[in-house]
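What follows is one structure encoded as structure tokens, with my remarks underneath.
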Amino acid sequence: MNKISSIQKLEKDFVLELYNLTGSIKKSWPEISKQNKTVCLLFWEPSTRTKLSFEHAAKKLGFDVIDFSPSNSSLEKGESFEDTIKTILALKVDGLIVRHPETKISEKIVQMLPENVFFINAGDGNYAHPTQGLLDVFTMSEVVDLTKLNLTILGDAKHSRVIPSLLQTLDMLGCKNINYISPESLALPQTNIFSAISNDMLSKSDILYILRIQRERFSKEEGIDDKFFSENYQVNKEFIETTNFQGKIMHPGPINIGVEITRDISDGEDSLILKQVENGLYLRTALLQLLSSG
Ligand code: CP
């Protein structure tokens, strides 16, 4: 198994092996065994944490890293996506890590790759962001037994590519107790949404997982008023005091300070936001190690 397009394609044993290796890498960082491989990063959308952590992880493992920049490539001269992938494969890379705005393009790419080339979906449309889901659940597992976790997700779940991957990983590992808070227009279909803040629910939650409004994935007819959202759903000091929330704060990033969260909460002692970023480095290192040797 060397291609990750979504969590649904993974076996539970693979995820448990990945988490064991992530824990070992975390304990022994920066000591690591080196590999002689080449990986190509192909990011059609901006990224800070995903791209840099993959690049850092790959270099730490001894990979050569090629950074494909779509806007400076022959795509600009009319070359097709398919011919771009074929061209990169002809350059003898061992693996591709791809972020793209098109939902499910990862599944198309997997069909185009030979067996010996590994692939990681670094986020495609609102379909999947498997490594973010995996690293966030790993981070949750460090603070609470996943089978007992009481999780509240607040914000734009509807347009999130992280949420499907997060929920599939949590389901695989036995977490069933998940509540959602958002305006109806940002709700994931078929979820038990509380459009008003429930103090009772929040006071019992171990983790509050906050999402930004993902405007880049809105359709033309959709709209949301930032002022309405921040006045009613922003996680700030007053929100924490009123709801008596006593758990940990998580956010996959990037964060929009002053919209879904305030600076004092994102930087507060109960925030795991930078821990998520750090664990992303260890988990992506572990994943690259597993996929490139598999
Ligand atoms: N969470 C996430 O994917 O962040 P970046 O866009 O910075 O990679």
(request) Report the relative contact order of segment 225-283, percent, no decimals, based on alpha-carbon pairs under 8 angstrom and at least 6 residues apart. (result) 39 percent
(message) Beyond a 26 Å Cα-Cα separation, which of these cross-linked pairs lie in this structure: LYS104/LYS148; LYS12/LYS275; LYS26/LYS148?
(response) LYS104/LYS148
(request) Would you mind classifying segment 28-92 by shape? Square roots of the alpha carbon gyration tensor eigenvalues, ordered a ≥ b ≥ c; an a/c under 1.5 is rounded, otherwise it is prolate if a/b is larger than b/c and oblate if not. (result) oblate
(request) Springs between alpha-carbon atoms under 10 Å, Gaussian network over the chain: tell me which of GLY223, GLY268, GLY258 tops the mean-square fluctuations. (result) GLY223
(request) Could you pull the accessible area for TRP44 with a 1.4 Å probe, rounded to 10 Å²? (result) 60 Å²
(request) Determine the shape class of segment 13-159: with a ≥ b ≥ c the square roots of the Cα gyration tensor eigenvalues, call it rounded for a/c under 1.5, and otherwise prolate if a/b is greater than b/c, oblate otherwise. (result) oblate
(request) Would you mind counting up the charge near GLN289? Only other residues with Cβ under 12 Å from its Cβ, with Lys and Arg at +1 and Asp and Glu at -1. (result) +3
(request) For ASP64, list long-range residues whose amide hydrogen, built 1.01 Å from N in the peptide plane, is under 5 Å from its own amide hydrogen. (result) LYS37, THR38, VAL39
(request) Please give, to one decimal in nm, the separation of the simple spin-label points placed at ASP13 and GLU31, each 7 Å out from Cα toward the Cβ. (result) 2.9 nm
(message) I'd like the distance between the alpha-carbon centres of segment 231-251 and segment 134-152, rounded to an integer number of Å.
(response) 19 Å
(message) If you count only protein heavy atoms and use a 1.4 Å probe, how large is the accessible surface of TYR180, to the nearest 10 Å²?
(response) 20 Å²
(request) Could you check which residue among ASP270, ASP225, ASP206 shows the biggest mean-square fluctuation in a GNM of the chain with a 10 Å Cα cutoff? (result) ASP225
(request) Count neighbours as other Cβ atoms within 10 Å of each site's Cβ, and list the trypsin sites (Lys or Arg not before Pro) in segment 19-54 that are DSSP loop with at most 10 such neighbours. (result) LYS34
(message) If you take every DSSP beta bridge fully contained in the chain, what fraction is antiparallel? Give it as a percent rounded to 5.
(response) 5 percent
(request) Considering Cα pairs under 8 angstrom that are at least six residues apart, work out the relative contact order of the chain and quote it in whole percent. (result) 21 percent
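The values are calculated or read from the model by the stated rules, or taken from the named source; none is laboratory data. Source: prediction; values computed, not measured. We place every Cβ from the backbone using ideal geometry, glycine too, and count neighbours over all the protein chains shown. With ligands, DNA and RNA removed, areas are computed over all heavy atoms of the protein, side chains included. Shrake-Rupley method; radii C 1.70, N 1.55, O 1.52, S 1.80 Å.
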